[in-house]
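None of the figures in this text is laboratory data; all of them are computed from the coordinates on show. As the structure is a prediction and not an experimental result, all values here were calculated from the model. Note that each Cβ is placed from the backbone with ideal geometry, even for glycine, and that neighbours are counted across all protein chains shown.
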Amino acid sequence: MKKLSKNTEHSMIVRIITGLVLGLVLGPAGIFGGWYLLAVSFVLVFFAAYEILALPGKKHYSKFIWVWTYVWMYAMIYWTFFKEDNIRNELFAGNFFSLYKIYISIFSLIIYLIGLFCFSFLYETFRLDDVFYLFTMVFLVSLGFYSIMYLRYYPTAFLDKTDPADITLTYNWSISSSMLLWFCLFGVWCSDIGAYFVGVLFGKHPMNPRVSPHKTWEGFFGGVVLSMIFTLSFSAISWYCFKTPLIKTGGEAPLDGLSFESQSGWGWGYILLLSIIIPIMDNIGGFIFSAVKRHFNVKDWGFILPGHGGIIDRFDSIFVTCSVVAILISFITNGWTFLQH
């Protein structure tokens with residue numbers, strides 16, 4: 001067995017410690033949701049926006065562009081919590097949060113884009129490629145953060161808030177209502193783990209050397225297989241052992257619940273579809289953000305996480321995967337009404 005150098009050993013220890021601390025902070029946020037997840041996301045958005053703005057160079061953009069980006073990035077993500085009456089009432093009444101649909105403020109997007117174009121007229125060094133870089137990254141990361149919260153809060157949207165059984169710890173405050181989010185996150189992580197080990201052991205055919213030279217087709221398929229095995233097993237165990245669906249719907253919802261035995265008969269098919277989509281989008285997300293880093297000739301998006309890089313380095317694939325899964329969940333649970341949701 002090859003002996004690791006002292007630098008490699010130190011790097012591994014740092015990565016493990018950082019990963020454990022990150023897990024201790026983010027794990028409970030995903031499980032309990034509520035104000036905890038909202039507060040944690042607020043902090044993470046701050047650092048993610050910093051990384052987007054600092055990637056081309058900390059002094060590349062003026063202070064006005066920094067402020068403009070921060071204001072409208074927060075508006076894109078959190079405006080729905082104050083715009084929608086039912087969400088706002090739940091927000092200030094307690095921790096019983098629900099997100100009923102995917103809502104990224106189009107108004108915020110348009111105003112932010114117009115502002116960026118105005119800055120390109122005012123500042124000679126702020127070019128059109130800067131406009132489209134900032135707009136694209138802010139949109140992708142904002143949608144990613146919102147989608148993570150959507151996957152955590154959406155499973156409570158169909159609960160009967162007048163029924164004491166529905167607003168007890170049984171579903172809203174336990175891990176049960178976080179099943180959908182963990183289903184997606186574990187799918188991404190298993191895809192990464194499978195791709196890494198299969199790629200190291202059997203990888204011979206690079207997927208895209210220009211963007212990500214270490215990713216191979218063997219690793220890709222290894223990640224897909226491991227991710228699908230885990231997500232399908234996760235769904236089966238949660239239902240057959242604990243009678244907990246990924247989503248507990250009811251009432252006027254076209255789908256009675258997302259599990260292997262949904263009364264609509266399509267539950268298992270939708271779970272299989274999501275299990276296939278997750279590892280594919282995981283790889284696409286990695287390529288997207290890696291391509292941006294290579295464009296600016298940098299290794300990491302940031303440095304706040306020792307041994308891991310920045311917030312975006314840890315969440316790049318999760319942003320894209322959760323966004324696609326959230327959109328699919330919205331369509332699936334609402335009868336594929338594309339024009340209404």
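Below is a table of values for the structure above.
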read-out	value
Derived scalar couplings ³J(HN,Hα) [the stretch 134-140; Karplus, 6.51 cos²θ - 1.76 cosθ + 1.60; whole Hz; x for Gly, Pro]	5, 4, 5, 5, 4, 5, 4
Which listed pairs, of K63/K299; K59/K293; K63/K83, have C-alpha distances above 27 Å, in listed order	K63/K83
Radius 15 Å from Cβ of A48, net charge of other residues (Lys, Arg +1; Asp, Glu -1)	-2
Spin-label pair R127/I16, simplified geometry with 7 Å Cα→Cβ offset, distance in nm	4.6
Table column - 3J(HN,Hα) (Hz), the stretch 57-71, Karplus curve with 6.51, -1.76, 1.60, x for Gly and Pro	x, 4, 9, 5, 10, 6, 4, 5, 5, 4, 5, 4, 5, 4, 4
Ordering of 270-280, 123-133 by burial proxy (mean other Cβ atoms within 10 Å per residue, highest first)	270-280, 123-133
Most to least packed among 293-301, 43-51 [average Cβ atoms within 10 Å]	43-51, 293-301
I247 long-range amide H proximity, modeled H, under 5 Å	L258
Amide H partners (placed H, <5 Å) of T216, local residues excluded	M207
Segment F64-F82, extension gain: residue separation times 0.36 nm, minus the distance between their alpha carbons	3.9 nm
Segments 227-239, 307-319, 138-150 sorted - mean Cβ within 10 Å per residue, highest first	138-150, 307-319, 227-239
Pairwise FRET efficiency - K101 versus W35, Cβ, R0 = 22 Å, nearest 0.05	0.55
